[in-house]
Amino acid sequence: MTLQDTPLDQFEVALSFASEQRSYVHRVATALKRAGVEIFYDLDQTANLLGEDLYQHLDMVYRNADCVVIFVSKEYAEKHWTKHELRSAQARAFTEHHAYILPGRFDDTELPGLRGTEGYVDLSNCSPTKFAEVIAQKLRHLQAKRSNIRPRPPAPRPSPKRRTPWPGMPWRSAALLGFLAVLFGAGAVFEWQVGVLGASDAASATWAVALVVIGALSVGTTAVLWQRNNSIVPRPGRALAVAAAGLLLGALFGLFAEVVVKPATYVETAGNRNGSKLFTDPSGNPVPSGAVIPYLTTVRVECKAPNRTAITGSPYFYRIYSKPWRGAYALAATFANGDPIGSAGPTDVDPKVRDC
């Protein structure tokens with residue numbers, strides 16, 4: 001504290017002592033400051049007392065504090081400044097209805113105006129920390145009496161902090177981040193499975209894009225909430241570990257999802273010796289690359305669509321599910337459709353294949 005911080009009439013405790021007892025008093029002052037008590041202790045006021053009229057200033061301090069602690073000793077009784085401080089404190093105590101001077105004794109030295117009937121603390125059997133606790137407790141009772149209110153109960157001990165996965169990362173944030181990483185990983189793998197490798201299935205692409213967008217937006221939202229609710233951002237390595245674990249789980253989930261959500265397919269074998277030519281749609285538009293499914297290649301087809309072209313000999317197109325031709329169409333009649341391979345059987349379409 002400095003005099004600029006605390007006006008002369010607003011100190012809670014003023015300490016009066018002889019320099020020979022400074023070692024003990026200094027420890028008392030430190031404990032009182034740690035307890036949040038505003039004290040007058042000369043070493044804290046060196047700069048502010050420089051050049052001031054000490055006689056007047058000290059008189060104001062020891063008259064206007066909430067209480068004055070006197071450290072009684074032989075040396076205290078012999079010094080001029082301590083006598084001045086004591087007289088100022090006694091002048092205030094004369095007008096008080098409650099205790100104002102709180103004596104602590106190093107010995108049995110008698111001080112003028114300090115009666116032997118007043119309660120005191122024997123400092124030879126009391127540690128500085130303990131004496132500071134006694135002073136603080138007495139101060140609160142005096143303040144309560146002067147304010148005509150009940151003394152405040154001691155502040156409850158703070159409850160232990162809830163365990164968290166890592167410093168600065170609460171359980172909710174960790175769980176949410178991990179879940180969102182799973183979503184993002186699932187979306188990324190699913191998109192790779194059904195989108196990047198040549199898929200033109202609109203429904204599958206929509207699923208993939210939706211999962212990735214939801215994952216990205218959710219990760220961004222988590223970052224915002226994390227920053228608002230936690231002043232300390234967790235260590236990057238630990239956050240990355242959570243995200244990596246989530247991405248790994250997401251990849252496994254994505255592979256599983258691709259198996260679960262894929263449509264029913266049917267096994268067919270290309271029976272045309274020239275291969276099965278591929279089209280982009282049932283209207284007969286050939287794929288730009290001019291690709292064909294080689295002869296005797298077994299593929300999975302998803303469904304059949306009516307032939308809306310001028311091409312004859314095949315009433316249906318198959319929509320191919322196998323990669324790398326997924327989403328393309330081929331004439332159903334160019335497949336064996338259950339007939340022996342190379343027999344040029346009469347079956348133009350496999351009746352088991354569902355309609356698109």
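The values are calculated or read from the model by the stated rules, or taken from the named source; none is laboratory data. Only a predicted model underlies this, so the values are computations on that prediction, with no experimental measurement involved. Here the Cβ positions follow ideal geometry from the backbone for every residue, glycine too, while neighbour counts run over all protein chains shown.
Report yes if some residue within region 96-114 is assigned to a helix (DSSP H, G or I) and either small (Gly, Ala, Ser) or in contact with a Phe, Trp or Tyr (Cβ under 9 Å, 6 or more places away or on another chain) (or both); otherwise report no. Before you say what the answer is, go through the steps one by one.
Narrowing region 96-114 to residues assigned to a helix (DSSP H, G or I): none.
No - not one qualifying residue is present in region 96-114.
For region 115-136: of the residues being touching a Gly at 6+ places or on another chain (Cβ under 7 Å) and outside any helix (DSSP H, G or I), which is surrounded by the fewest Cβ atoms within 10 Å (Cβ to Cβ)?
TYR120
Where the second residue is in a loop (DSSP other than H, G, I, E, B) and the first is of a type in the set (D, E, K, R) and lies in region 98-117, which pairs have Cβ atoms under 6 Å and are six or more apart or on separate chains?
Here the result reads ARG105/TYR120; ASP107/SER73, each pair linking region 98-117 to a residue that is in a loop (DSSP other than H, G, I, E, B).
Any chance region 50-61 includes a residue that's in a helix (DSSP H, G or I), in contact with a Lys or Arg (Cβ under 9 Å, 6 or more places away or on another chain) and surrounded by fewer than 22 Cβ atoms within 10 Å (Cβ to Cβ)? Break it down stepwise before answering.
So in region 50-61, the residues in a helix (DSSP H, G or I) come out as 54-61.
Of the ones still in play, those that are also in contact with a Lys or Arg (Cβ under 9 Å, 6 or more places away or on another chain) are 59.
When the remaining residues are screened for being surrounded by fewer than 22 Cβ atoms within 10 Å (Cβ to Cβ), the result is 59.
Yes, region 50-61 has at least one match.
Looking at LEU43, LEU49, LEU139, can you tell me which residue is closer than 14 Å to GLN21 by Cβ and in the same structural domain as GLU20 (by TED's automatic domain parsing)?
Values: LEU49 fails: closer than 14 Å to GLN21 by Cβ; LEU139 fails: closer than 14 Å to GLN21 by Cβ.
From the options LEU43, LEU49, LEU139, the qualifying one is LEU43.
Which pairs do you get when a residue that is within 12 Å of LEU123 (Cα to Cα), found in region 65-79, comes within reach of a residue that is β-branched (Val, Ile, Thr) and surrounded by fewer than 23 Cβ atoms within 10 Å (Cβ to Cβ), reach meaning Cβ atoms under 7 angstrom, with the pair 6+ apart or on two chains?
Listed by first residue and then by second, the contacts come to ILE70/ILE101; VAL72/THR109; SER73/THR109.
If you take the residues of region 16-49 that are under 22 Å from LYS130 (Cα atoms), among the small types (Gly, Ala, Ser) and surrounded by fewer than 18 Cβ atoms within 10 Å (Cβ to Cβ), which of them is farthest from the chain's Cα centre (by Cα)?
Step one: of region 16-49, the residues under 22 Å from LYS130 (Cα atoms) are 16-44.
Subsequent filtering for residues that are among the small types (Gly, Ala, Ser) retains 16, 18-19, 23, 29, 31, 35-36.
From what is left, the residues that are surrounded by fewer than 18 Cβ atoms within 10 Å (Cβ to Cβ) are 19, 23, 35-36.
Numbers: SER19: 51, SER23: 45, ALA35: 30, GLY36: 30 Å.
So the residue we want is SER19.
Against the definition (touching a strand residue (DSSP E or B) at 6+ places or on another chain (Cβ under 9 Å) and under 22 Å from PHE131 (Cβ atoms)), how does LEU86 come out, yes or no? Walk me through how you get there before you give the answer.
On the way: touching a strand residue (DSSP E or B) at 6+ places or on another chain (Cβ under 9 Å): yes; under 22 Å from PHE131 (Cβ atoms): yes.
So LEU86 passes the test.
Report yes if some residue within region 312-325 is part of a strand (DSSP E or B) and hydroxyl-bearing (Ser, Thr, Tyr); otherwise report no. Give the steps one after another, and end with the answer.
Within region 312-325, the subset part of a strand (DSSP E or B) is 316-320.
Filter once more, keeping what is hydroxyl-bearing (Ser, Thr, Tyr): 316, 318.
Yes, that holds for at least one residue.
Can you find a residue in region 82-93 that is charged (D, E, K, R), buried (at least 16 other Cβ atoms within 10 Å of the Cβ) and closer than 14 Å to PHE17 by Cα?
Looking through region 82-93, at least one residue is charged (D, E, K, R), buried (at least 16 other Cβ atoms within 10 Å of the Cβ) and closer than 14 Å to PHE17 by Cα.
Mind counting the residues in region 62-95 that are touching a Gly at 6+ places or on another chain (Cβ under 6 Å) and not in a helix (DSSP H, G or I)?
Start the filter on region 62-95 by keeping residues that are touching a Gly at 6+ places or on another chain (Cβ under 6 Å), which leaves 71, 90.
Those left that are additionally not in a helix (DSSP H, G or I): 71.
The number of residues fulfilling the criteria is 1.
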